[in-house]
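Everything below concerns the one structure shown next.
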Amino acid sequence: MIGNRITHRTADGVRVPGTWRHAFICNGGTYFLTDLFIYADGLIDCWDLVTLDEFEKKLRSGWVATSLPDGGTASAHHLASWTFDEPDTWLTPELLLAEVRDTIDELNDRPDSTGRCLAAVDVFLAERTEENRSAARAAYLAIPETVRHYALGDMDRKDHPLQVLVAGPGGRLPQDPEERVTQEEYDEAVAYFEERHRWRAEAPSRVPADGTARSFAPAVKLPHSYPQRALERPDKRCLRNDYPAPLILDDVTYPSVAHAYWALSVAEPEARVSVVTAETGGKAHAIAAKATRRAGWERTRTAVMARLLRTKFEQHPDLAAFLLATGDATLLYDDANSDFWGDNGGRGRNWTGRLLELVRSELPTDQARVD
């Protein structure tokens with residue numbers, strides 16, 4: 001299971017999603033604790049980027065170790081070393097390979113062995129023939145033993161209802177062949193799955209108490225640009241900080257948010273005047289960059305920017321209307337001068353975009369009209 005272990009690698013400029021898990025690699029007789037990286041395109045990094053077939057060979061050869069010898073030497077690079085004393089392992093090459101195959105399916109949003117089993121169960125419940133039950137049982141047994149307990153995502157009952165269902169009345173449980181299923185147990189399992197089916201059918205219509213977590217509008221990218229004059233009909237360039245939308249703050253008129261931000265950042269009053277009167281936002285930045293920052297600027301700059309953006313859209317209703325018209329879209333703001341303020345292809349923190357989204361949420365909704 002992927003869980004929160006999300007990573008990626010870049011191949012030919014394409015971002016390939018992946019995940020990782022712990023593993024031991026046996027090299028020169030020493031067992032190294034390391035991370036096994038698994039990617040959606042089927043490549044696995046086990047100290048070398050290999051295909052799934054090549055990975056299987058490394059498993060069979062013991063390079064990726066699933067059994068650990070008593071007395072064997074182990075190492076975690078630059079962290080610790082130790083000797084195995086009666087080690088207890090539960091993976092085999094077959095199990096680890098099956099889990100990796102499942103992970104690749106999951107990374108590609110395809111049904112893994114668990115998903116295929118639950119699909120077979122749905123077929124059986126829709127038409128309860130022994131042939132369909134047998135198919136569901138085979139699909140259950142195809143799930144790696146190490147993950148069967150979690151097939152239903154039920155931490156209380158584990159996979160017991162699933163075992164009972166695929167065994168049938170009088171049948172033997174896959175995990176405990178000595179035990180036969182009673183009619184009462186079988187009826188309870190059927191009821192469990194019928195209730196589960198109802199719950200899953202209703203799930204798409206359930207909305208969290210405070211609203212959906214997903215955006216209903218596509219992301220809006222605000223690429224770096226140099227607007228020189230106000231547009232007759234505002235477009236996304238009007239959301240840029242250097243867009244010429246004058247704002248009045250504390251009795252001072254600034255030609256743009258960029259002018260105001262950089263003027264407020266400098267310590268010397270003379271430099272501040274030069275920044276305010278700069279021809280463009282870009283030139284305001286260039287002048288400010290040569291001056292001394294105010295004490296504690298890094299701690300206050302985000303609050304200052306939030307105030308400036310609120311002021312801009314309060315004083316320019318037409319621009320506020322355009323901002324509101326972006327709905328709840330994620331706003332990706334590029335800034336060639338700062339990975340703090342810009343998204344910059346995913347390298348930056350996108351604070352300008354995030355603050356624009358905050359200000360948008362505060363605007364009166366009746367402004368959401370773009371003529």
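The values are calculated or read from the model by the stated rules, or taken from the named source; none is laboratory data. Model, not experiment: these values are computed from the prediction. Here Cβ is always computed from backbone atoms with ideal geometry, including for glycine, and neighbour counts include all displayed protein chains.
Counting just the residues of the range 146-199 that are among the small types (Gly, Ala, Ser) and part of a loop (DSSP other than H, G, I, E, B), which one comes out nearest to LEU125 (Cα to Cα)?
Checked the range 146-199; the qualifying residue nearest to LEU125 (Cα to Cα) is GLY168.
Residue check, ASP156 against (1) surrounded by 17 or more Cβ atoms within 10 Å (Cβ to Cβ); (2) among the charged types (D, E, K, R); (3) free of Cβ contacts under 8 Å to residues at least 24 places away in the same chain, all met but one. Which one?
That leaves (1) as the condition not met.
Please go through the range 25-68 and pick out each residue that is over 17 Å from GLU94 (Cβ atoms) and aromatic (Phe, Trp, Tyr).
Across the range 25-68, the qualifying residues are TYR31, PHE32, PHE37, TYR39, TRP47.
Evaluate the following for ILE287: is it at pLDDT 95 or above and exposed (fewer than 15 other Cβ atoms within 10 Å of the Cβ)?
No; evaluated as a whole, the condition is false for this residue.
Only one of these is loosely packed, with under 12 Cβ neighbours inside 10 Å and either modelled with pLDDT of 95 or more or β-branched (Val, Ile, Thr) (or both): THR51, THR89, THR103, THR66. Name it.
Of the residues listed, the single one that is loosely packed, with under 12 Cβ neighbours inside 10 Å and either modelled with pLDDT of 95 or more or β-branched (Val, Ile, Thr) (or both) is THR89.
I'd like to check something: does the range 326-339 contain any residue that is surrounded by 21 or more Cβ atoms within 10 Å (Cβ to Cβ), outside any helix (DSSP H, G or I), hydroxyl-bearing (Ser, Thr, Tyr) and at pLDDT 95 or above?
Yes, that holds for at least one residue.
Let's see how each residue does on (1) among the acidic types (Asp, Glu); (2) part of a loop (DSSP other than H, G, I, E, B); (3) over 29 Å from GLY345 (Cβ atoms):
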position: ILE38; (1), (2), (3): no, no, no
position: LEU68; (1), (2), (3): no, yes, yes
position: ALA74; (1), (2), (3): no, no, yes
position: TRP82; (1), (2), (3): no, no, yes
position: ILE104; (1), (2), (3): no, no, no
position: ASP109; (1), (2), (3): yes, yes, no
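Search the range 121-134 for residues being of a type in the set (A, V, I, L, M, F, W, C) and within 14 Å of GLN163 (Cβ to Cβ), and hand back the single one that is surrounded by the most Cβ atoms within 10 Å (Cβ to Cβ).
Result: VAL121.
Of everything in the range 176-200, what is at pLDDT below 95 and either of a type in the set (D, E, K, R) or not assigned by TED's automatic domain parsing to the domain that holds ALA119 (or both)? Give them in sequence order.
Selection gives ASP176, GLU178, GLU179, ARG180, GLU194, GLU195, ARG196, ARG198, ARG200.
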